[in-house]
1. Pulled fully out, how much extra length does the chain show between residue 62 and residue 421, if you take 0.36 nm times their separation in residues and subtract their Cα-Cα distance?
2. If you split all Cα-Cα distances of the range 1-139 into 5 Å bins from zero, what percentages do you get per bin, shortest first?
3. What nm value, rounded to one decimal, do you get for the distance between residue 333 and residue 445 when each label is placed 7 Å out toward the C-beta?
4. Which of the peptides 45-55, 271-281 is most tightly packed, and how do the rest follow, judged by the mean count of other Cβ atoms within 10 Å per residue?
5. Arrange the following residues from fewest to most other Cβ atoms within 10 Å of their Cβ: 120, 110, 82.
6. Just how many % of Cα pairs in the range 409-536 lie over 20 Å apart, if you round to the nearest whole percent?
7. Fewest Cβ neighbours within 10 Å first, please rank 351, 265, 476 accordingly.
8. Once the Cα atoms of helix 157-168 and of the chain are each reduced to a long axis, what angle between those two axes, in degrees from 0 to 90 to the nearest 10, is obtained?
């Protein structure tokens, strides 16, 4: 069969962090033809590339999927908003740009869970390969990779005060959370280049890569199902410009939709828990009960105080003159306040006094506007904290057989283990830090919680009423050993029971890493790209 405009060696579903990485790496071999499918638009918006416009990106009408969870019984039956990127670069085009890998022990734990070849010594070379580190020169970091990792060009004085406050509470200063230890407080490094966001698309799909004759990028193209020939993936049925088309994969389909979309697409294609598929009238191609299981996410609570000054980020008359000057500064120099990602500093701590952390902090020199309001008009400071290794596990299930219909997202937050206990301990630490002397000249009145908690019961009530996602869903197509019924892919990300099909994204992580999830997702794609090119 001759090659047509709808036939390629590899068809990649999803142009996010993993998909962009794979497209760039595979097309380094000119004899391989690749089609990259992205449901969203091009990544050419100012809201994507201007770091301080992160709120505009997160709430954009057309740059994200606007998911919501089902009501969470342990969170006062609230449904949580789950923004996920729907544009080239995926969630790396709308996230807070914080570059965190997780701890060395995280990857050794993956290997023990059946992800052979994903121990720390195996993955470090791929973190280094992806990275273009702008400051640090040591064995943990790389230079010359597509993903630019830099210090922020602007840090609010209140973010510096957070670091001092953390040290006043006994935490060490840490200037590299991706080095030997994560414990401590300090400035975050970010995926930015020259004051602009360096998403996976900006880094890996640079203009010269997009111009490669062996790479075809189809935007605004929704993947509906994988075309299955028995148990073999033959291509992808898509909807583009309102018309159904078939894109044929001569070698493999590489599914990179993320922790929500990848299990949904598999199930729509007849790959997943047989009973659930039959409930929806879907013919079973591969009975794999782990598809859509093992959903994990970081749940966050925030402690806030209103501020005495206009140093924090807010839309107020007091701040207007500075903001106008900063807009001009950014336009002409790519420096100043508009290069801020808001979450400029943070850190890691152990609520149990151990060497490995169990909570992470994100400090924001602002009070986040209530959901649905685009901007905060109140000056203040906020410290976010979340449990790094939750015990709770949730599910992704089909709502219907319509590919455009959002699936049922049920993280089942706080339903297992020590999650609530650790969340409360983290909240207490956050409050202690905001009450430290470093904030005495800024701290005005407690804003959230509305009243100072007097007991663990008060803290628990606050968690249930106010906790939100920190946007790190993983695990729904987990990597594991073949004899693990809940494993969906092998250590080469090949789907068990299927041929010509891999899942390569955050959904294959067996367990959450202790930190932000973008860098590990790119690492996975780098590693699997090498395996594919080597014929593995």
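1. 125.5 nm
2. 2, 8, 12, 13, 15, 18, 16, 10, 4, 2, 0, 0
3. 3.7
4. Top of the packing list down: 45-55, 271-281.
5. By the 10 Å Cβ count, ascending, the order reads 120, 82, 110.
6. Taking all Cα-Cα pairs of the range 409-536, the fraction more than 20 Å apart is 61 percent.
7. Exposure proxy ranking, most exposed first: 351, 265, 476.
8. With rounding to tens, the tilt is 80 degrees.
Every number here is computed from the coordinates shown, using simple stated rules; none is lab data. If you're wondering where the values come from, they're calculated on a predicted model, not measured in any experiment. Cβ sites come from the backbone with ideal geometry, for glycine too, and all protein chains shown count toward neighbours.
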